[in-house]
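The values are calculated or read from the model by the stated rules, or taken from the named source; none is laboratory data. Everything numeric here is computed off the predicted structure, so don't read it as measured data. Note that we place each Cβ from the backbone using ideal geometry, even for glycine, and neighbour counts take in every protein chain shown. In case anyone asks, the SASA skips ligands and DNA or RNA and just uses the protein heavy atoms, side chains included. Shrake-Rupley method; radii C 1.70, N 1.55, O 1.52, S 1.80 Å.
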Amino acid sequence: MSRIQRRFEQLRAAGRTALIPFVTAGDPTPELTLALMHRMVSAGADLIELGVPFSDPIADGPVIQRATERALAQGISLRDVLAIVRRFRETDNETPVVLMGYLNPIEVMGGEVFAQAAREAGMDGALIVDVPPEESHALVDAVKAQGLDLVYLLAPTSDAARIEAIAEVASGFVYYVSVKGVTGAGHLDVDEVSSKLDAIRARIELPVGVGFGINTAATAAQVARVADAVIVGSAIVGRIEALAEEGQVERIPAVVGDFLGELRAAIDETDHGDQHG
Amino acid sequence: MATRAEDLGGGEPPVMAAKAYQWPDAGGHFGPYGGMFVPETLMHPLTELRQAYARYLGDPDFLRELDADLRDYVGRPSPVYHAERWSRELGGAQLFLKREDLNHTGAHKVNNTIGQALLARRMGKTRIIAETGAGQHGVASATVAARLGLECVVYMGEVDVARQEANVYRMRLLGAEVVAVKSGTRTLKDALNEAMRDWVTNVDNTFYIIGTVAGPHPYPAMVRDFQSVIGREARGQMIEQTGRLPDVVMACVGGGSNAIGLFYPFIEDPEVAMIGVEAAGDGLETGRHAAPLCAGEPGVLHGNRTYLMEDANGQIRETHSVSAGLDYPGVGPEHAWLKDSGRASYVAVTDDEALAAFHGLTRTEGIIPALETSHALAQASKLAPTMRKDQSILINLSGRGDKDMQTVARLEGLQL
Ligand SMILES: Cc1ncc(COP(=O)(O)O)c(C=O)c1O
């Protein structure tokens, strides 16, 4: 059983919804990313998504674009991201880490070399934003040969046939993009998300996380009512940016930790309420 | 799709009816290149586009509409002109120019925007978006949007907005909103990124008109098919004027749309050599260039696998060329395949060589070419003297140079 599967089984048994924060690796420094990962776990993160910076992030809005540029300005590479995960694993062997990024850095490293390096570093899975199932045969083989999970996006535009195609290749969990748009877009409609999740669950047995557009404890709580995992990215990265610009880098783990604590509490309250009602 | 391209106007009888060359495959691959590397949200709209395109390509009513627009609005067919004085000066092969500069809006770009905009309208889309580098594709998109009454937003890197002021003004006159893109290198590739983000956000009512043979399937095949009118016409015109096919067809390569438009109808004529000319900028050895086919490696960008300019970590590198329209770190996937398969060859010429050719053609033939086009002219002037006088080179004169007056004047220390 993979670390991701194990984590979702534990959560299911406890009747809890997962909280998954996303941060861009190396923003604003690799050392800070490592400290932040540990702090996020103690604040209630169940799984961490680590963004690999890429020069042309077509699925990302301005907040994560700027995080990417800050990380790239220091020359952060895919190998550097794996090094961060290796150091994280020195003291945390439980929390799954999923890499989120674009294909080209992996393509240049080579799919098999990447998969092996990722497993050795203690990475648990990958979500490659610009690789739909149609293009992922080679990558699926390489990644699965190392026992890693390959996470896929589902979108409001994914029809039944696409959901089924993704069911065939996805493992670990699937990530429902709650809005038509890029990361950091607003206006998530919980009813719409809920009916789409029904369509997804009818065809996919994996846990379903929901992300894009979750930026407050209130939305997190609403989404927790229908999803297996609440994924929060731009709202965290925006806080990192604000502190980095004010020259208060050392405060980032605490501020992000407090924010995740609020989200965690709101989600727990929802989970608790559901159990009793 | 490929086999129906001959239906897209151009007069010449369907020479490709029994083509052995059948790329792309159903998934949009040209050998290992091409494909659909996009976020999940765009997969459904790409399927819709593929289906609509396949349908209208076989729809006589659509093809009639397209043909009529190419004739009456664009001014097709464009002539093939025998540049005798220039040929004599070079003292070798005869040089022929396919005059895409005479099209409405001054470049080949409009062949494609007309096709895609008519498709957008048939698909019920009310808003079109486009990316642009030099501004030529932006102008061609704004032009057809004005004519069809569609809303139009053009994304353009901040750097290009500054160096192509005249085209920015043209687009605004035509009613388009021009958005200056401030991310990344602030040039064409970043404009493309921003257009993709817009499309993801507004998929329901928006049609993305990509300006070259790049992007995810079906764009490379669709843009090629719309641009192939160039080669179909030229093939017949060369036979008419010289009694035979040219020995060489040649074109500049940015994303590769004017080149593939010229090459494609000659692809199964093995006696015709095909040469694409990339921008060597300050020189390939300096690293400051825009020549992925000559000096790049395969990778994945903007929805397809192709040759790219990238660093050892897979980050896309900054490009350099005196011509904004060639300043792109990737290239259409079909060119990657034609290079690997050996059917076409690719070379690069520097900024200085292109500028010399710009002045050369202007002085000997009274035709001011675009700086992009000047790269092909520079290569032709190197090749022609090595060939016999009874041989011929057909060059795609992809655009006129009016848009480049500022750039060229500035390089000579003048302020217009
Ligand atoms: C006149 C002209 N030629 C060539 C190009 C390069 O594009 P492509 O390689 O797609 O033909 C451009 C692009 O702006 C152009 O304006």
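Considering only residues that are surrounded by 20 or more Cβ atoms within 10 Å (Cβ to Cβ) and of a type in the set (Ser, Thr, Tyr), look in the stretch B:175-203 and name the one that is farthest from the other protein chains (Cβ to nearest Cβ). Among those that are surrounded by 20 or more Cβ atoms within 10 Å (Cβ to Cβ) and of a type in the set (Ser, Thr, Tyr), it is B:THR187. For the stretch B:204-219, a residue qualifies if it is open to solvent by 10 Å² or more (accessible area, probe 1.4 Å) and either within 16 Å of the ligand (Cβ to nearest atom) or within 9 Å of another protein chain (Cβ to nearest Cβ) (or both), and the qualifying residues are B:ASP204, B:THR212.
Whenever a residue of the stretch B:384-407 is open to solvent by 40 Å² or more (accessible area, probe 1.4 Å), its partners that are within 11 Å of the ligand (Cβ to nearest atom), lying with C-beta atoms within less than 8 angstrom and at least six residues away or across chains, give the pairs B:ARG400/B:ASP101; B:ARG400/B:GLY106; B:ARG400/B:ALA107; B:ARG400/B:PRO369; B:ARG400/B:ALA370; B:ASP402/B:GLY106.
Mind listing just one residue for me: the one in the stretch B:238-253 that is assigned to a loop (DSSP other than H, G, I, E, B) and open to solvent by less than 10 Å² (accessible area, probe 1.4 Å) and, of those, nearest to the ligand (Cβ to nearest atom)? Checked the stretch B:238-253; the qualifying residue nearest to the ligand (Cβ to nearest atom) is B:VAL253. In the set B:GLU48, B:GLU100, B:GLU131, only one residue is in contact (Cβ under 8 Å) with a residue 24 or more places away in the chain, under 30 Å from A:PRO133 (Cβ atoms) and within 16 Å of the ligand (Cβ to nearest atom); that residue is B:GLU131.
Which fully enclosed helices (runs of 4 or more DSSP H) of the stretch B:135-197 have 3 or more residues being at pLDDT below 95? Full working, then the answer.
On the way: elements: B:136-148, B:158-163, B:165-173.
Result: B:158-163, B:165-173.
Given the criteria open to solvent by 10 Å² or more (accessible area, probe 1.4 Å) and assigned to a helix (DSSP H, G or I), does B:ALA117 qualify? So B:ALA117 fails the test.
With respect to the conditions (1) buried (at least 24 other Cβ atoms within 10 Å of the Cβ); (2) in contact (Cβ under 8 Å) with a residue 60 or more places away in the chain; (3) within 16 Å of the ligand (Cβ to nearest atom), B:GLY231 falls short on a single one, namely (2).
Checked against the criterion of being of a type in the set (Lys, Arg) and outside any loop (DSSP other than H, G, I, E, B), the stretch B:207-230 contains one or more residues that satisfy it.
One residue stands out in the stretch B:264-277 among those that are of a type in the set (A, V, I, L, M, F, W, C), more than 11 Å from the ligand (Cβ to nearest atom) and in contact (Cβ under 8 Å) with a residue 60 or more places away in the chain: the one that is farthest from the other protein chains (Cβ to nearest Cβ), namely B:ALA273. For the stretch A:160-274, the helices (runs of 4 or more DSSP H) that sit wholly inside it and include 1 or more residues that are over 23 Å from B:LEU42 (Cβ atoms) and at pLDDT 95 or above are A:190-201, A:217-224, A:234-245. Among the conditions (1) open to solvent by less than 40 Å² (accessible area, probe 1.4 Å); (2) free of Cβ contacts under 8 Å to residues at least 24 places away in the same chain, the only one that B:GLY342 does not satisfy is (1).
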